[in-house]
1. Please state which of the following conditions residue 425 fails to meet, knowing it meets all the rest: (1) part of a loop (DSSP other than H, G, I, E, B); (2) open to solvent by 20 Å² or more (accessible area, probe 1.4 Å); (3) within 8 Å of the ligand (Cβ to nearest atom).
2. Looking at segment 421-439, I want the residues that are of a type in the set (Val, Ile, Thr) and have a partner that is within 8 Å of the ligand (Cβ to nearest atom) and assigned to a loop (DSSP other than H, G, I, E, B) with Cβ atoms under 9 Å, at least 6 apart or on another chain. Which pairs are those?
3. If we keep just the residues of segment 349-379 that are more than 51 Å from the chain's Cα centre (by Cα) and crowded, with 22+ Cβ neighbours inside 10 Å, which is nearest to the ligand (Cβ to nearest atom)?
4. Can you name the residue in segment 380-398 that is out of contact with any strand residue (DSSP E or B) (no Cβ under 7 Å at 6 or more places or on another chain) and more than 20 Å from residue 362 (Cα to Cα) and is also nearest to the ligand (Cβ to nearest atom) among such residues?
5. In segment 441-457, which residue that is touching a residue at least 24 places away in the same chain (Cβ under 8 Å) and within 12 Å of residue 360 (Cα to Cα) is nearest to the ligand (Cβ to nearest atom)?
6. Of these, 172, 220, 145, 168, which one is within 22 Å of residue 15 (Cα to Cα) and out of contact with any helix residue (DSSP H, G or I) (no Cβ under 9 Å at 6 or more places or on another chain)?
7. Is it true that residue 28 is open to solvent by 90 Å² or more (accessible area, probe 1.4 Å) and out of contact with any Phe, Trp or Tyr (no Cβ under 8 Å at 6 or more places or on another chain)?
8. Please work out which residue is nearest to the ligand (Cβ to nearest atom), limiting yourself to segment 399-417 and to residues that are touching a helix residue (DSSP H, G or I) at 6+ places or on another chain (Cβ under 8 Å) and open to solvent by less than 30 Å² (accessible area, probe 1.4 Å).
Amino acid sequence: MYLKKKNNFFRTLAFRLTLWYLVLFSILSIAIFSIMYFSLISHFRQEMDDELLDAAKEFEDLYYTHGIKALEEEFQREARSEGLKRIFFRLVSPKGEVEASSDLSSWHGLPDLKLNKSTIFQTLSLPGHLHKIRLLAKPTEDGHIIEIGATLKDDELLTEKYRRTFGIALAIMLLCGGLVGWLVAKKAMSGVERITKAAMRIGKHDLKERVPLGNEGQEIDELAFAFNEMLERIEALVKELKEVTDHVAHDLRSPITRIRGIAETTLIGEQDLNAYREMAATVIEESDRLVEMINTMLEISQTDSGVVEMLREKLDLREIISEAVELFQPVAEDKQINLKSDLPSDPVVIIGDKAKLQRVVANLLDNAIKYTKPGGWVTISIRKDLSWAIIEVADNGIGIKKEEIPRIFERFYRGDKSRSTPGHGLGLSLALSIVRAHGGNITVKSVVHKGSTFSVFLPLESPIK
Ligand code: ADP
């Protein structure tokens, strides 16, 4: 359906742009033509009126100086020389009678003359005449009227020629303009087409491919750049998703295989109640581990995506640390590890979610104890630096290899040496996403066999607030 839409020529942007261009071009051309056309007509009309008026004045002079007879002779002579069908002259008495005229045999159907006191111009159509005529009626001082009628044939032929020429010119211009507009629009759209094709190819084949930048202009380059950035993100997400799925599959398979193995061994072996009890206990233990892992994964996703809102309450970090140390003291003692805290006397106030931050501190302490050999030490302290509260968890444990440090915050990543220790490789990922959701960060310094120091940076409560 998408392709069908895409192939529809009339829906293409290039076609629409060309159409817009043509419509605008036509409106503009017709407007310019109309202005020129009407100013031409009014110019011709003015010229004709001036000529008629000049002729009328000359006839009037002749009438006064040489009388009606001479006037009529002049009427006839002038009409013959101009053409009897092209012009006529009349002198009308105050009673409305024609006293002198040129040959009127071609001028049937002339309208009755209205006796007027001022000069009048009229344009009218006469029966039997293809073209309109321009009529002048000029009163003389003694109450007569000199009337001159002239055909507008020349003007009409000229304006018609003008109209025809313009029509042909407009048609040619529209054709060429349309063609040029279409080529320009196609050229402008070529970058978009190139990116669309690349996007379709990449979507079908290889996510690693990128749209090459072209020469179609900054907008297209920006589009290609944004598209490539999006691909980069998609590729990273797909990779991350694949890794997470692989890890989940692996981490789920091991406990389920163990559960199945225990159940199978119990079934095959002697039907002793204690064996069943043991099996049930192991199944519960393994299931708990699974549930815990799934819950932690969910918590990381929810924290990362911001689906679950963090509480924003005023907290004194010293309280969280003291409670955590109290909680972990028995575990540390069991493992003969010296767990100490070093807290300032002043409160260290931040805005945050207490339960979430407790998990961060618990994960770091748990790791420090887990990865430190008996007889070692773990210290947790707080300090302030400018606008940051910094919680430091230091140990003199096994340390982390240099090349592993950048990966320990990844989901499911477990260091080489930690494989023998229980864990899912999710504790640090969760801690980092919680701290980031608070606007902070976690950094780590570590030397193998010497120990590690994890520093949690959290923004201090601003005194202005
Ligand atoms: P887990 O502890 O379940 O393996 P984490 O996400 O908490 O997962 O830690 C990831 C990895 O970081 C661990 O497997 C371990 O290799 C390393 N690590 C974390 N904390 C320490 C520490 N205090 N000392 C040494 N290695 C550590």
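The values are calculated or read from the model by the stated rules, or taken from the named source; none is laboratory data. Just so it is clear, the structure is predicted and the values come from calculations on it, not from any experiment. With ideal geometry, Cβ positions are generated from the backbone for all residues, glycine too; neighbour counts draw on all protein chains shown. To get the accessible areas, we keep the full protein, side chains included, count just its heavy atoms, and leave off ligands, DNA and RNA. Shrake-Rupley method; radii C 1.70, N 1.55, O 1.52, S 1.80 Å.
1. Only one criterion is unmet by residue 425, namely (2).
2. Listed pairs, sorted by first residue: 421/371; 421/414.
3. My answer is 371.
4. 385
5. 454
6. Being within 22 Å of residue 15 (Cα to Cα) and out of contact with any helix residue (DSSP H, G or I) (no Cβ under 9 Å at 6 or more places or on another chain) holds for just one of 172, 220, 145, 168, which is 172.
7. yes
8. Residue satisfying both the conditions and the ranking: 408.
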